[in-house]
Amino acid sequence: MHATAALAAAEEAAITGARDTAESTAKRGRASYVGDAAKGVIDPGAATMALVIGAARAAAAGESSVEADWFG
């Protein structure tokens, strides 16, 4: 598998994982203090990692920007 394809697959998985965090209730960390009030909010760490992987994929593909319309 080419590096760009591998990074694209990793980016897709990271975006899916980040989106999925909005539907879970935190059991540990700072988000655990707010409980169900955090429902519907994407975990910032998961979103950051998806963006970092997206930036790596974009750089490998020779692109100058990362799609972030999934984050909203």
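A Cβ distance below 6 Å, combined with a sequence gap of six or more or placement on separate chains, defines the contacts here; from region 1-28, residues that are closer than 13 Å to Ala46 by Cα reach residues that are open to solvent by 60 Å² or more (accessible area, probe 1.4 Å) and part of a helix (DSSP H, G or I) in the pairs Ala14/Met49. Scanning region 17-40 for residues that are in contact with a helix residue (DSSP H, G or I) (Cβ under 9 Å, 6 or more places away or on another chain) and modelled with pLDDT of 90 or more yields Gly17, Ala18, Arg19, Asp20, Thr21, Ala22.
Given the options Ala58, Ala8, Ala68, Ala18, name the one that is under 16 Å from the mean Cα position of the chain (by Cα) and part of a loop (DSSP other than H, G, I, E, B).
Numbers: Ala58 fails: part of a loop (DSSP other than H, G, I, E, B); Ala8 fails: part of a loop (DSSP other than H, G, I, E, B); Ala18 fails: part of a loop (DSSP other than H, G, I, E, B).
On inspection, the qualifying residue turns out to be Ala68.
Does region 57-68 contain at least one residue that is β-branched (Val, Ile, Thr) and in contact (Cβ under 8 Å) with a residue 24 or more places away in the chain? No. Selection of region 21-55 for residues being in a helix (DSSP H, G or I) and among the small types (Gly, Ala, Ser) yields Ala31, Ser32, Gly35, Ala37, Ala38, Gly45, Ala46, Ala47, Ala50, Gly54, Ala55.
The values are calculated or read from the model by the stated rules, or taken from the named source; none is laboratory data. Everything numeric in this text was worked out from a predicted model, so none of it was measured. Every residue, glycine as well, gets a Cβ built from its backbone with ideal geometry; the counts of neighbours run over all protein chains shown. Ligands, DNA and RNA are excluded from the accessible area calculation, which covers all protein heavy atoms including side chains. Shrake-Rupley method; radii C 1.70, N 1.55, O 1.52, S 1.80 Å.
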